[in-house]
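The values are calculated or read from the model by the stated rules, or taken from the named source; none is laboratory data. This one's a predicted model, so the numbers in the text were calculated from it and none came from an experiment. Cβ atoms come from the backbone with ideal geometry, glycine included; neighbour counts cover every protein chain shown.
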Amino acid sequence: MQFRYSDVFYDHFTSPRNIGRPTGADLCGEYVSGLCGDSVRVYLDIEDGVIKDIGYNVCGCSVAIAAASLTSELLRGMTVEQALALTDEEIADKLGGVPDDKIQCSFLMHSAIEDAIKNLS
Ligand code: FES
């Protein structure tokens, strides 16, 4: 059976939010997929352990683009701990599901966030 993407997915894929580097977002992280070579660079503005602002640039497939956009909306206002606790399944679920072989694409952005946060201190 052919996989059918959700309206939420198409909305984020065709109108991605929060692209680019926001003013004041001086914490940067990057992730390059070892599977396909696609990448995300993320920019965070974290104050008192809370993500105040977030932006990114993504070079990837439709799932990577939609997931980066959705993840950027989810993370604004979260604590660092809440952000790190997000799972690829949660992101895929909020997108209305993705094909099994695209789960790793939905987590590209989150891996870049982990990279940024490890530079905190
Ligand atoms: Fe590379 Fe999806 S195929 S991120």
Does any residue in the stretch 102-117 that is within 11 Å of the ligand (Cβ to nearest atom) come within less than 7 Å, Cβ to Cβ, of a residue that is assigned to a helix (DSSP H, G or I) and not hydrophobic (A, V, I, L, M, F, W, C) six or more places away or on a different chain, and which pairs are these? ILE103/ASP88; SER106/ASP88; PHE107/ASP88; MET109/THR71
Would you point out the residue of the stretch 23-42, among those that are outside any strand (DSSP E or B) and loosely packed, with under 15 Cβ neighbours inside 10 Å, that is nearest to the ligand (Cβ to nearest atom)? CYS36
Looking at (1) at pLDDT below 95; (2) over 19 Å from SER39 (Cβ atoms), which one does GLY97 not meet, given that it meets all the others? (1)
Any chance GLY96 is in contact (Cβ under 8 Å) with a residue 24 or more places away in the chain and crowded, with 18+ Cβ neighbours inside 10 Å: no
How many residues of the stretch 48-63 are outside any loop (DSSP other than H, G, I, E, B) and more than 16 Å from the ligand (Cβ to nearest atom)? The answer is 6
Within the stretch 64-89, residues over 15 Å from ALA112 (Cβ atoms), in a helix (DSSP H, G or I) and at pLDDT 95 or above come out as ALA66, GLU73, GLU81, GLN82, ALA85
Here the residues within the stretch 29-63 that are within 14 Å of ALA116 (Cα to Cα), in contact (Cβ under 8 Å) with a residue 60 or more places away in the chain and of a type in the set (A, V, I, L, M, F, W, C) are VAL40, VAL42, LEU44, ILE46
Which is at pLDDT 95 or above, more than 16 Å from the ligand (Cβ to nearest atom) and assigned to a helix (DSSP H, G or I), of ASP11, ASP45? ASP11
Those residues of the stretch 90-101 which are more than 10 Å from the ligand (Cβ to nearest atom) and either of a type in the set (Phe, Trp, Tyr) or assigned to a loop (DSSP other than H, G, I, E, B) (or both), in sequence order: LEU95, GLY96, GLY97, PRO99
